[in-house]
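Asker: Just dropping this structure here.
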Amino acid sequence: AGFPHSFDNFHTLSVDAEVVIPFGERVAFIPSFDVRMLLGKNVPVAYFNAMGGTLAGRYVDQQIPFVGINRLVAMKNVLSILRLDFRFRILKNHYLTGMMNYARDANFFSEYLDGLGHVGVGAEYSYDTIFGPISANVNWSSISKKVGLYLSVGFNF
């Protein structure tokens, strides 16, 4: 019921990296990037590129986190995200993080540089407890055009 009779070959290429660069005992710069490309004619909908939320793979395996969107957003076949976090340790277990990210997407490589892309920003306060971090962040993005709030308690599973 609704399934295709055959599938065309398609491929998924994915690359990501993150590094923590400390500046003394209280400040850290944390750049990261994610790139995910779908190659092929008719890629099944189940393998679409997605971004949003603070956790990779929370709603679908291929979800890439994006500050400023607290839900899942479907993206085009070529998706790249650059994120820059600036984390400050205020007291022993208290942290304040400024977050910025920029995403570009396109259906084809030839269209990749068209348009302005998408921007998201946020600020997060975290307190480390024995049960895991308690965090709250305020965020905004050019996609949602709304201020959002995200709360989390404990470790991510």
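Asker: In this structure, is Leu79 over 10 Å from the mean Cα position of the chain (by Cα), under 24 Å from Ala28 (Cβ atoms) and open to solvent by less than 80 Å² (accessible area, probe 1.4 Å)?
Answerer: Criteria not met by Leu79.
Asker: Only residues that are closer than 25 Å to Lys146 by Cα and either of a type in the set (Ser, Thr, Tyr) or open to solvent by less than 60 Å² (accessible area, probe 1.4 Å) (or both): list them for the range 82-94, please.
Answerer: Arg83, Leu84, Asp85, listed by residue number.
Asker: Another question about this same structure. Please verify whether the range 44-61 includes one or more residues that are open to solvent by 80 Å² or more (accessible area, probe 1.4 Å), at pLDDT 95 or above and of a type in the set (A, V, I, L, M).
Answerer: No: zero hits.
Asker: Kindly list, by first and then second residue, each pair from a residue in the range 95-112 that is within 19 Å of Ser144 (Cβ to Cβ) to a residue that is polar (S, T, N, Q) and assigned to a strand (DSSP E or B), limited to pairs with Cβ atoms under 6 Å and residues at least 6 apart or on different chains.
Answerer: If the second residue must be polar (S, T, N, Q) and assigned to a strand (DSSP E or B), the pairs left are Arg104/Ser80.
Asker: If you don't mind, there's one more thing I want to ask. Of all residues in the range 19-37 being part of a strand (DSSP E or B) and free of Cβ contacts under 8 Å to residues at least 24 places away in the same chain, which is farthest from the chain's Cα centre (by Cα)?
Answerer: Phe23
Asker: In the range 124-142, which residue that is open to solvent by 50 Å² or more (accessible area, probe 1.4 Å) and of a type in the set (A, V, I, L, M) is nearest to Asn70 (Cα to Cα)?
Answerer: That would be Val138.
The values are calculated or read from the model by the stated rules, or taken from the named source; none is laboratory data. Everything numeric here is computed off the predicted structure, so don't read it as measured data. Cβ sites come from the backbone with ideal geometry, for glycine too, and all protein chains shown count toward neighbours. Quick note on the areas: whole protein, heavy atoms, side chains included, nothing else; ligands and nucleic acids left out. Shrake-Rupley method; radii C 1.70, N 1.55, O 1.52, S 1.80 Å.
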